[in-house]
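Written below as structure tokens is the structure these notes are about.
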Amino acid sequence: MQAIISTLIDRKTALIQALWQHLGISIISLLIAMAIAIPLAIWVEKHAKTAAVLLQIAGVLQTIPSLALLGLLIPFVGIGTVPAIIALVVYALLPIFQNTYIGIQEIDPSIEEAADAFGMSRMRKLVKVELPIAMPVIISGVRTALVMIIGTATLAALIGAGGLGTFILLGIDRNNTALVLIGAVASALLAIVLSYLIHVLQRVEFRYSIATLAVVLLGFVGYGTFKAVQQPTDQIVIAGKLGSEPDILINMYKELIEQEDPNMKVTLKSDFGKTSFLFSALRNNQIDIYPEFSGTVLESLVKTNSSETENLNSHQTYELAKKKLASQYQLDYLKPMKYNNTYALAVTKKFAKENHISKISDLTTMQNKIKAGMTLEFIDRSDGLKGLKKIYGLTFTAQSMEPDLRYQALAQGKVNLVDAYSTDSQLRQYNLVTLKDDRNFFPTYQGAPLMSEKLAKQHPEIVKTLNKLSNKISETDMQEMNYKVNVLKQSPKKVAQQYLKQHNLLK
């Protein structure tokens with residue numbers, strides 16, 4: 001309990017911001033879904049076959065996994081708030097449409113006949129008779145949709161839309177139960193409060209309900225417009241992938257840039273998501289800079305042929321990555337840091353000693369004993385498990401796990417082999433050893449800032465400033481900094497400042 005209170009105090013500003021983001025995304029998504037589903041249900045009320053088809057379509061849309069839907073939207077609308085809202089609207093359509101249709105369908109026919117006998121027009125009958133009677137059922141659908149939206153909106157953090165999901169994802173990544181609980185409890189309380197407010201809204205007259213919803217929508221739209229207008233033109237947005245290491249690096253970028261030009265406004269978007277999300281955001285000008293690894297560029301981001309990438313040393317890997325990014329995407333890849341954050345396979349010291357293993361090729365003699373837990377990305381990459389099996393003749397299967405959960409599973413004895421990065425703090429935290437890549441399979445992964453060529457030409461001082469990190473930060477340095485953030489619970493900003501000051505890069 002003390003840890004939760006302490007975390008709340010330390011992160012109260014971030015929590016308020018995340019709560020506001022979550023609220024905004026949820027309310028706007030709900031109102032848009034209502035604006036689509038309710039009129040559509042009213043329109044098809046007299047057309048049973050059309051209603052059945054639309055209900056079927058809405059049901060199918062709701063079965064699409066949320067992550068898959070977000071992934072499908074990214075190529076068309078980029079990342080951030082827009083795809084998050086689209087996805088949430090899709091999920092909210094079914095309960096609102098279905099309840100509106102059923103609510104109007106179940107009105108007693110004698111009431112409809114009485115309204116017709118009084119000579120009411122279609123619109124007057126709808127507003128004065130049908131909607132008031134159907135309102136309890138409609139509101140029930142709206143409340144169901146709202147709870148669904150608020151729960152699903154936590155995934156918006158994966159594509160840079162913010163919200164309470166940032167606390168949950170950060171908590172999982174840092175093995176911080178307090179952060180997970182704060183994000184989950186805040187999300188649940190938000191759902192309860194908003195659901196109650198909708199219940200209260202149900203008791204007022206229909207016209208007042210519509211007016212209230214309109215005011216809420218205009219308020220959010222107006223605030224968003226105001227923020228867009230107020231946003232300074234001289235602003236750089238720097239994003240980082242999930243994890244402590246990208247968070248430390250982007251804080252270094254911010255400190256260096258703002259030291260060089262105090263008038264430059266730098267905004268950080270930490271724990272932004274996976275590689276593909278960040279790369280898409282950069283190409284769509286939604287972010288300006290993010291740290292990327294040379295091996296990842298060649299493996300996942302640019303088009304290459306096998307002959308180009310064979311037997312490359314670290315310098316050749318970086319130069320090829322830089323060349324391909326410039327020719328294919330007009331992106332500028334700045335000078336790399338010293339450390340090589342390459343993939344590795346890790347086991348406990350006890351397991352290594354008992355089975356007399358020190359290198360990856362030793363695994364071929366004991367594959368029946370291997371219980372592997374690995375990240376989905378590593379399992380699916382050709383420079384990960386797929387390629388590793390071919391080069392080393394391995395046949396074992398691996399269970400997919402979230403990055404930090406695989407380390408916990410290894411420590412608890414549920415698995416005995418995991419994939420790792422050479423700078424992971426968990427290697428030290430759990431007293432693990434990495435197996436030697438004795439066939440030199442894993443490529444070089446040197447980190448460097450990635451930005452558009454246009455930004456590099458407009459702000460050469462930023463290029464010069466960030467290149468100060470070139471050939472800085474060893475693997476030991478990076479692992480130690482990750483350890484401070486993940487285990488000692490120091491802030492990435494503080495850790496970044498400490499390193500920069502120690503190496504005379506920050507005044």
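Quick one: is Glu308 modelled with pLDDT of 90 or more and outside the structural domain of Leu73 (by TED's automatic domain parsing)? It is false that Glu308 is modelled with pLDDT of 90 or more and outside the structural domain of Leu73 (by TED's automatic domain parsing).
Given the criteria in the same structural domain as Ala178 (by TED's automatic domain parsing) and without any contact (Cβ under 8 Å) to a residue 40 or more places away in the chain, does Val60 qualify? Answer is yes for this residue. With respect to (1) of a type in the set (Phe, Trp, Tyr); (2) buried (at least 19 other Cβ atoms within 10 Å of the Cβ); (3) within 18 Å of Gly295 (Cβ to Cβ), the lone exception for Phe441 is condition (2).
Among the residues of the stretch 283-297, the one identified as surrounded by fewer than 24 Cβ atoms within 10 Å (Cβ to Cβ), not basic (Lys, Arg) and not in a loop (DSSP other than H, G, I, E, B) is Thr296.
Which residue, of Ala92, Ala51, is crowded, with 21+ Cβ neighbours inside 10 Å and either among the β-branched types (Val, Ile, Thr) or touching a helix residue (DSSP H, G or I) at 6+ places or on another chain (Cβ under 7 Å) (or both)?
Answer to the check: Ala92.
The strands (runs of 3 or more DSSP E) found wholly in the stretch 380-452 and carrying at least 3 residues that are closer than 13 Å to Val347 by Cβ occupy 417-421, 432-435. Cβ-Cβ contacts under 6 Å between residues 6 or more apart (or on different chains), taken from a first residue in the stretch 101-129 that is in contact (Cβ under 8 Å) with a residue 40 or more places away in the chain and of a type outside the set (Asp, Glu) to a second residue that is in a helix (DSSP H, G or I) and surrounded by 15 or more Cβ atoms within 10 Å (Cβ to Cβ), are listed as Tyr101/Ala41; Tyr101/Ala51; Ile104/Glu130; Ile104/Ala134.
Matching residues to (1) farther than 20 Å from Asp477 by Cα; (2) in contact with a Pro (Cβ under 6 Å, 6 or more places away or on another chain); (3) of a type in the set (S, T, N, Q):
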| position | (1), (2), (3) |
| --- | --- |
| Leu325 | yes, no, no |
| Gln330 | yes, no, yes |
| Lys335 | no, no, no |
| Asn340 | no, no, yes |
| Val347 | yes, no, no |
| Phe351 | yes, no, no |
| Thr364 | yes, no, yes |
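Residue check: Val418 meets all listed conditions (1) of a type in the set (A, V, I, L, M); (2) surrounded by fewer than 22 Cβ atoms within 10 Å (Cβ to Cβ); (3) modelled with pLDDT of 95 or more but one, namely (2).
Restrict the check to the stretch 27-44 and report whether at least one residue is touching a Phe, Trp or Tyr at 6+ places or on another chain (Cβ under 8 Å), closer than 20 Å to Val193 by Cα and assigned by TED's automatic domain parsing to the domain that holds Gly160. Yes.
A quick yes/no check of all residues on (1) among the small types (Gly, Ala, Ser); (2) in contact (Cβ under 8 Å) with a residue 24 or more places away in the chain; (3) farther than 21 Å from Lys254 by Cα:
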{"position": "Lys436", "(1), (2), (3)": "no, yes, yes"}
{"position": "Phe441", "(1), (2), (3)": "no, yes, yes"}
{"position": "Ala448", "(1), (2), (3)": "yes, yes, no"}
{"position": "Gln458", "(1), (2), (3)": "no, no, no"}
{"position": "Glu461", "(1), (2), (3)": "no, yes, no"}
{"position": "Gln498", "(1), (2), (3)": "no, no, no"}
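Annotation note: Cβ proximity below 6 Å between a residue of the stretch 292-305 that is among the aliphatic types (A, V, I, L, M) and a residue that is part of a helix (DSSP H, G or I) (sequence gap 6+ or interchain) occurs for Val297/Ala321; Leu298/Ala321; Leu301/Phe279; Val302/Lys324; Val302/Gln328.
Residues of the stretch 267-296 being farther than 27 Å from Asp424 by Cβ and either out of contact with any Leu (no Cβ under 6 Å at 6 or more places or on another chain) or of a type in the set (Lys, Arg) (or both), which ones? Across the stretch 267-296, the qualifying residues are Thr267, Arg283, Asn284, Asn285, Gln286. Selection of the stretch 325-374 for residues being part of a loop (DSSP other than H, G, I, E, B), of a type in the set (A, V, I, L, M, F, W, C) and either assigned by TED's automatic domain parsing to the domain that holds Tyr253 or touching a Ser or Thr at 6+ places or on another chain (Cβ under 8 Å) (or both) yields Leu334, Met337. Taking the stretch 134-165 as the range and being of a type in the set (Val, Ile, Thr) and either modelled with pLDDT of 85 or more or outside the structural domain of Pro95 (by TED's automatic domain parsing) (or both) as the test, the residues that pass are Val137, Ile138, Ile139, Val142, Thr144, Val147, Ile149, Ile150, Thr152, Thr154. Select, from Ser425, Ser452, the only residue that is in the same structural domain as Thr317 (by TED's automatic domain parsing), of a type in the set (Ser, Thr, Tyr) and touching a residue at least 40 places away in the same chain (Cβ under 8 Å). The conditions single out Ser452. For the stretch 84-100, a residue qualifies if it is farther than 16 Å from Trp43 by Cβ and in contact (Cβ under 8 Å) with a residue 24 or more places away in the chain, and the qualifying residues are Ala84, Ile85, Ala87, Leu88, Val89, Val90, Tyr91, Ala92, Leu94, Pro95. Candidates Ile111, Ile42: the one that is surrounded by fewer than 16 Cβ atoms within 10 Å (Cβ to Cβ), among the β-branched types (Val, Ile, Thr) and farther than 30 Å from Gly165 by Cα is Ile111.
The values are calculated or read from the model by the stated rules, or taken from the named source; none is laboratory data. Since this is a predicted model, take the numbers as computed values, not measurements. Cβ atoms come from the backbone with ideal geometry, glycine included; neighbour counts cover every protein chain shown.
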